[in-house]
1. Suppose we filter B:G212, B:G253 for residues that are modelled with pLDDT of 90 or more, in a loop (DSSP other than H, G, I, E, B) and either under 25 Å from B:A322 (Cα atoms) or facing chain A (nearest Cβ under 9 Å) (or both); which single one remains?
2. Filter segment A:231-253 for residues that are open to solvent by 60 Å² or more (accessible area, probe 1.4 Å), of a type in the set (A, V, I, L, M) and not in a strand (DSSP E or B) and give the result.
3. Just one of the numbered conditions (1) open to solvent by less than 10 Å² (accessible area, probe 1.4 Å); (2) of a type outside the set (V, I, T); (3) within 24 Å of the chain's Cα centre (by Cα) is not true of B:F146; which one?
4. Here are some residues: B:T248, B:T229, B:T186. Which one is in contact (Cβ under 8 Å) with a residue 24 or more places away in the chain, of a type in the set (V, I, T) and over 26 Å from B:S126 (Cβ atoms)?
5. Could you please find all residues in segment A:153-197 being more than 23 Å from A:V234 (Cβ to Cβ) and of a type in the set (S, T, Y)?
6. When the residues of segment B:267-293 are filtered to those that are open to solvent by 30 Å² or more (accessible area, probe 1.4 Å) and part of a helix (DSSP H, G or I), which remaining residue is farthest from the other protein chains (Cβ to nearest Cβ)?
7. Show me the strands (runs of 3 or more DSSP E) found entirely inside segment A:28-103 where at least 3 residues are within 14 Å of chain B (Cβ to nearest Cβ).
8. For segment B:257-266, give me each residue that is open to solvent by 20 Å² or more (accessible area, probe 1.4 Å) and either under 17 Å from B:V98 (Cβ atoms) or touching a residue at least 24 places away in the same chain (Cβ under 8 Å) (or both).
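The values are calculated or read from the model by the stated rules, or taken from the named source; none is laboratory data. In this text the structure is predicted, and so the values were computed from the model without any measurement. Because the Cβ atoms are built from the backbone with ideal geometry, glycine has one as well, and the counts that use them run over all protein chains shown. Surface accessibility is based on the protein's heavy atoms, side chains included, excluding ligands, DNA and RNA. Shrake-Rupley method; radii C 1.70, N 1.55, O 1.52, S 1.80 Å.
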Amino acid sequence: MTLAAQDVSYAVEGRALIDRVTLELRPGEFLGLVGPNGSGKSSLLRTLYRVLKPQGGVVRLDRSDLWALPARHAAQRLAVVAQERMGEFDFTVAEIVMMGRTPHKRDFEPETDEDRRIVRTSLAEVGMAGMAERAFMTLSGGEKQRVLMARALAQGTDVLILDEPTNHLDIRYQLELMGLVKRLGLTTLAALHDLNLAAQYCDRLVMLEAGKVVAAGAPQEVLTAERIREVYGVDVRIGRTASGHIGLEFLPL
Amino acid sequence: MSGEVVGRALDRAPAAARLGFGAIVGLLVAGLLATVTAAVAIGPVPLPAHRVWQIIFAQIVGGEGDWSAAQANIVLMLRLPRVLLAAMVGAGLAAVGVTMQAVVRNPMADPYILGISSGASVGAVSVLGLGWLAFAGVFAVSLGAFAGAMLALLIVYLVAHAGGTISPLRLVLAGMACSYTLSGLTSLIVLTSPDRELARQAMEWILGSLAGASWSDLGVPAAVLALGTGLLLLRARALNALMVGDETAATLGIEVTQVRRTLFLLASLLTGVMVAVSGAIGFVGLVIPHIVRMLVGTDHRRVLPVAVLGGAIFLIWVDVGARMLFAPVELPVGVITALIGGPFFVYMLATQRVRRKESLS
């Protein structure tokens, strides 16, 4: 199952947030979306998870027009960890993760043992196994992020969209989360801030600047010194890490 | 290994929650029956509890007993319809309060936050002061209140519904603006009326009262309450998701705008009907949902039924207070809800904070 954007555009008051963006997720790949602040990463993701309706172009989930699908059907195939400030409420961790089962449930259909098993394994996947009965509000930012990741996993979809999933996470959990995404082998699109992390874990990268795709391809093709200088306005030295990935050292211009 | 730990926690939790929840509902149903019995028994002419049920039973299956016609009259014509109306209004307002707090994602929301009560007040005061809807006889005030409530609903809906979506913030702001305007209109009608009695009548109506309830007042609220709470319960999972956030709800497969529109209309209809029969009884819809969440958590599949039962019990007792505390003078029930509800809520907040601290340390 793949997700694809064709010529997707979205503008606010005449200013283009995303401008004719075309990209396609290949089955099973981990695609990183990179670009400086304001380049349109989050806006693009929002058009892909049905919050911003594209003004031009089309988003496809397999062969269907994503925006023509009923919300429930879309949610059965596409899970999202968004950056949303959450309201004040006292849900437990288990209740939050159980919400991931919502698209699979009819109104008032009770939860089954299977649902509870899925919630359990999802929590265990993100290393939050012992926290099921904790109040979500009392968790640290990083713990909350991992719970939301568990909720997305509990949704049981083939496609995963993550908006800055490693924000607020300590380095250990950043690595664990990226490793988890990689290990799950789901078709994943993630907006990422950290270019080194992106280079280390993603199969391919798409770079945005001012709402346009400026590069797409393998990390070493996209992350060139010249392009980073142009797009990010910094100097960079590019080498190889011990594990064989490209490593970036940033310097002011 | 850690999987086993969470396994145990999860296996235990739903079982415990279900047992706890079942026990709470069972207790509340028993409590509601006891409350109805006690509230019918209590009055200027006290009756023993068994007599109350004998009279009701005899009325249903037929038969005679060793009680006077006056006693039967007190139970069947005076107290029972009033107690049942209190139960329905309390249940309805609590259910709407729960819904509104989730729909606008604001713990301060109550059934009146969207201007429904102000609209109803304008309608009622217009009938009282300007003599509109005289054809409706004794139902004129209720009819006027309902019409006013629906007018407010329409205005708020049109203002809040911009660009194909309804945002919680726009709903609240539109509701507030509508509220202020309509309250001003109510004051204007009352103050410019030559009828001096109107101010007192309007005041009583605005504060809310269940006095004079009769069987003919019960049909519409009963039907709307059953239908409304049933539909709300069906949307309980959506309410949970909405409470977390619109984007989250959307990605979980909820048609956010459509669901919010449905919930808004449903809640407004329920509120409109309740306000029409009893005036704008405050505080029930704000406080009961919070107390219920403290007891059973935030999941609306538990919160809604418990709030419906709790709201019913609460308002029955408050109404008993309204007719007994200063007897033979009767207070508007809204005065008591505020006087009891406020301090009780402060107490709940204070103890809740202590408990939270303890559990964290």
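1. Going through B:G212, B:G253 in turn, the sole match is B:G253.
2. Within segment A:231-253, A:A242, A:L253 meet the criteria.
3. (1)
4. B:T229
5. The answer is A:T157, A:Y173, A:T187, A:T188.
6. Step by step, filter segment B:267-293, then rank; the result is B:V277.
7. The qualifying strands (runs of 3 or more DSSP E) are A:78-81.
8. B:T257, B:R261, B:T262, B:L265, B:L266
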